[in-house]
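What follows is a set of notes on a single structure, which appears directly below.
Laboratory data are not the source of any read-out in this text; all were calculated from the coordinates shown. Computed from a prediction, not measured in an experiment: that's the story for all the values here. Every residue, glycine as well, gets a Cβ built from its backbone with ideal geometry; the counts of neighbours run over all protein chains shown.
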Amino acid sequence: MLFNSLSFVVFLVLVLALYYSKIFGWTGKKRMLLLASYVFYGLWNPPLVILLWISTVVDYTAGKKLAVLADKRKRKLWLLLSMFVNLGFLAFFKYGDFLLENFTGLLNAVGVDYTARPMDIILPMGISFYTFQTMSYTIDMYNRRLEPARTFLDFALYVTFFPQLVAGPIVRAKELLTQFYTEKKATANQFMWGLFLLTIGLFQKVVLADTLLSGTADTVFGSREVLYSLDAWTGTLAFSGQIFFDFAGYSTCAIGIALMLGITLPDNFRYPYAAIGFSDLWRRWHISLSTWLRDYLYIPLGGNRHGITRMYVALMLTMLLGGLWHGAAWTFVVWGALHGIYLVVERLLKGVVKVKINAWNGIVLAFLTYTLVNITWVFFRAREFGTAWNMIKSMFFLNDEGAKVLYEFDIAKVLLIITGLFICHWVMRNTSMKEVAQRTNPWVFGVFWAILFFLIVISQGSGEQFIYFQF
Amino acid sequence: MNLHKSFILAIILGMASVICWELFWRSQGLEPNIDDNNNLSSIQRAKLKNPSNDQVVFIGSSRILFDIQLDLWKEQTGTEPVMLAFQGASPLPTLQDIVENTDFNGTIIVGVTEGLFFSTTFDKAPPISRAKERIQHYYDRTYAQRLNHLLSIPLQKNLAFVTVADETWDSDVDLKTLLILLRKGERAGPLPAPFYQFEDVSLDRNVQMTKRATNDTAYANTIKLAWQDMLSGDMPPPDKKGTTEFFLKYAEKFRERGGQIILVRCPSDGWFKEIEAKGFPRTEYWDSLVLRSKFPAYHYADYQQFHDLNLPEWSHLSKEDADFFTTELIKILKKDGVLTHSKTE
């Protein structure tokens, strides 16, 4: 079920009505939320709920065992079982065809004539998100950083909680599981703030991403011609806006919906396009994934504890795998590699050049960071390296003549929105939406809210999926 | 932070703006309409899950969709029409789907618009991909999509501005389309002529031309201009051999299992008629297909009563003449005894 759909509106109203009715006690409410979460997921493809159940049962059992076992070998085996099941799901469902394709390519490269039929496996929605979430629980249990879930119901709800099930934020057990232990109820103000977050999240998705930016990005990246520089840049900028609004929109909706139930989810985006440098970017973009990769990959790989070379290797590996997490294609790996290189270069430069950041050089550096981020988006969005390479050449004025595929109006529209986005991120860099809302006159805020609602209604959209569902 | 005031104001202003938006579009002559989208097609396709002999399936493109009025068809033949003709699409993928994936062995009426029928068998080409997308949606649709469609119907029926379209031409009033209509300049080539909506659709996919397109000549002229704009560029050459072989392969299979196919060429007029006569001469395309397939075939030009019909935008009949065309065609089919399962008079 999509947040930007009519069925979700009905679903949410029903869930809220049951949640705030006096029919259920707290355990009954949690059962209702769990059932609702399975319905939310199952309305897309009912049999794939079984994967969620397996993941839930395996990790709950592993967690319980890890809490009581002292034997190191047995503890490791339980951890490995959890890894095997979750990563096995990912390997099969997400990377099955990719692995087969590369295996075939490798055999052909060494002269073995072999063709394999694609397995055409359905990618279960949100599999990358919920497997990472459940694995974090087991790893934390293994490292004795966490108390085990008190009941199976609490754990199942932690894995399946519908607001963040299919596209995050990837929430750690200590942030969410413990909230289920005592009855939660939103205050009137929390409820309305949650509703506002849902509105602004839908506005980002339906109006900004789908209505205003996606068409331009699709035209540019769907073109088979070598493009004129302005078109290549406009298409890339449009995609940078589209993916931000699409994904941040989802996270904002998820946080808002959870808040309407009295549950707090952590921020997933903090105005990333105003980041100064790439370390800063990854503290602001998809925060729940970057902290996951830091805690469960980069640090176990050695982090910065074993010298500079090992640190760079760990960093590159983390970013390469982070790229692959986004999709089973080499273009995503290149996207991750570019981010890895940026991070390494940034750390090298920081050792040599000391800059004191102020408002003036800050905005220049933020703009430079954003420009470099756009180069990486080309590889993220392009389906083939040929397209990506042509785009890059056009962006760097290496194609003397290129096709003009965008109308003046579309270019102006994208440049206006992206300039607004960048300025907005810069202004909001050290504050939050809530702080700004608190400072704003309630009548002005109400008018702003109404405008968002109106624009969502007149955009309507065709219920397009969120980009990150495919990851 | 006290959000009560903001919340109440947002609700009042938000609802008031939506009501104003609806009233504005109503004042512009827009009426609530059902969108002919993938979900609506899937409901029709689902009727063939357990097919019966008293069903008649229509396949083809927009002409048969506009020109056959299903309510009259049902009333006058006693058969259950299943409308699987899609705008701008070839009937070939639909025929293939019916033959390969259903047990239907009743009557299929194929609307032949030569420019689409003989265009290609290439999967990625729009006449084929459009039909395939519609067919595939039936297999791929999720329960959530079905529920969304169900919930959208009361809104579509009552609010003029609501659209749940899959094709860009199905909506004139969503924000994305309105912004496209604001485009100026010729940087990426001449701007395409706006293609305004001219159909009223019912839940059973009965399509009629709108009163506005029928009575307002200026409005109909915008559609004529859009046709000329769309069809004036270089078009890929038709694949007569490939498409004919494809059709005959599946038509023969269908005949072997007891099914009946009827070919119908719906009327065209004006500029459309001229370019079709030049690009797809009757003897070379229609007559050749009829000769090779040996199916009962009906070309509008062969019947005096179909010579002066009203096609406001050259390609589709007005509602009144679609009624007439349907009624007269049924009489002809009955007279020839080709509607084997229809009720007797």
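Laid out as a table, the results:
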{"quantity": "Candidates B:Thr210, B:Thr107, B:Thr177, ranked by Gaussian network fluctuation over chain B, Cα under 10 Å, top entry", "calculated": "B:Thr177"}
{"quantity": "Cβ-derived FRET efficiency at R0 25 Å, B:Ala125 paired with B:Lys294, nearest 0.05", "calculated": "0.35"}
{"quantity": "Sparse-neighbour loop sites [trypsin sites (Lys or Arg not before Pro); region A:39-92; at most 10 other C-beta within 10 Å; DSSP]", "calculated": "none"}
{"quantity": "For residues of A:196-206, the mean tally of beta carbons on other chains within 10 Å", "calculated": "1"}
{"quantity": "Mean residue ellipticity (222 nm) of chain A, computed from DSSP H runs ≥ 4 via -39,500 (n - 2.57), nearest 500", "calculated": "-21000 deg cm²/dmol"}
{"quantity": "A:Asp410, A:Asp280, B:Asp67 arranged by Cβ crowding within 10 Å, fewest neighbours leading", "calculated": "A:Asp280, A:Asp410, B:Asp67"}
{"quantity": "Anchor A:Lys356: aspartates and glutamates whose Cα lies under 17 Å away (excluding residues fewer than 8 positions away in-chain)", "calculated": "A:Asp280, A:Glu346"}
{"quantity": "Spacing of the two label points (7 Å from each Cα toward its C-beta) at A:Glu101 and B:Gln136, in nm", "calculated": "1.5 nm"}
{"quantity": "Alpha carbon Rg of region B:94-241, scaled by the compact-globule rule 2.2 N^0.38 Å", "calculated": "1.24"}
{"quantity": "Sequence-distant lysines (8 or more away, or on other chains) whose Cα lies within less than 30 Å of A:Lys74", "calculated": "A:Lys64, A:Lys65, A:Lys94, A:Lys174"}
{"quantity": "Quarter of the Cα convex hull surface for the protein assembly as shown, i.e. its orientation-mean projected area (nm²)", "calculated": "40.5 nm²"}
{"quantity": "Anisotropy class of region A:196-301 from Cα gyration tensor, a/c 1.5 cut", "calculated": "oblate"}
{"quantity": "Average beta-carbon neighbours from other chains, 10 Å sphere, peptide A:1-9", "calculated": "5"}
{"quantity": "Calculated FRET value between B:Lys278 and B:Leu225, using beta carbons and R₀ = 25 Å, to 0.05", "calculated": "0.80"}
{"quantity": "Space enclosed by the convex hull of the alpha-carbon atoms of chain B, per residue, Å³", "calculated": "169 Å³"}
{"quantity": "Percentage relative contact order, chain A, counting C-alpha pairs under 8 Å, at least six apart", "calculated": "19 percent"}
{"quantity": "Region B:12-36 residues near the modelled B:Ile153 label - backbone nitrogen below 18 Å, point 7 Å along Cα→Cβ", "calculated": "B:32-36"}
{"quantity": "Cβ-derived FRET efficiency at R0 60 Å, B:Lys334 paired with A:Leu398, nearest 0.05", "calculated": "0.30"}
{"quantity": "Alpha-carbon centroid distance for the pair region A:132-154 / region B:1-56, whole angstrom", "calculated": "44 Å"}
{"quantity": "Per-residue mean of C-beta atoms belonging to partner chains within 10 Å, peptide B:174-185", "calculated": "5"}
{"quantity": "Three-way shape label, region A:6-100, alpha-carbon gyration tensor, a/c 1.5", "calculated": "oblate"}
{"quantity": "Shape of region A:268-307, Cα gyration tensor, a/c cut at 1.5", "calculated": "oblate"}
{"quantity": "Check: chain B dipole with +1 on Lys, Arg Cβ and -1 on Asp, Glu Cβ, in debye", "calculated": "640 debye"}
{"quantity": "Contact order relative to length of region B:152-245, as percent, for alpha carbon pairs under 8 angstrom and 6 or more apart", "calculated": "18 percent"}
{"quantity": "Lysines with Cα under 29 Å of B:Lys241, excluding same-chain neighbours fewer than 8 positions away", "calculated": "B:Lys124, B:Lys132, B:Lys249, B:Lys253, B:Lys273, B:Lys278, B:Lys294"}
{"quantity": "Contact order relative to length of chain B, as percent, for alpha carbon pairs under 8 angstrom and 6 or more apart", "calculated": "25 percent"}
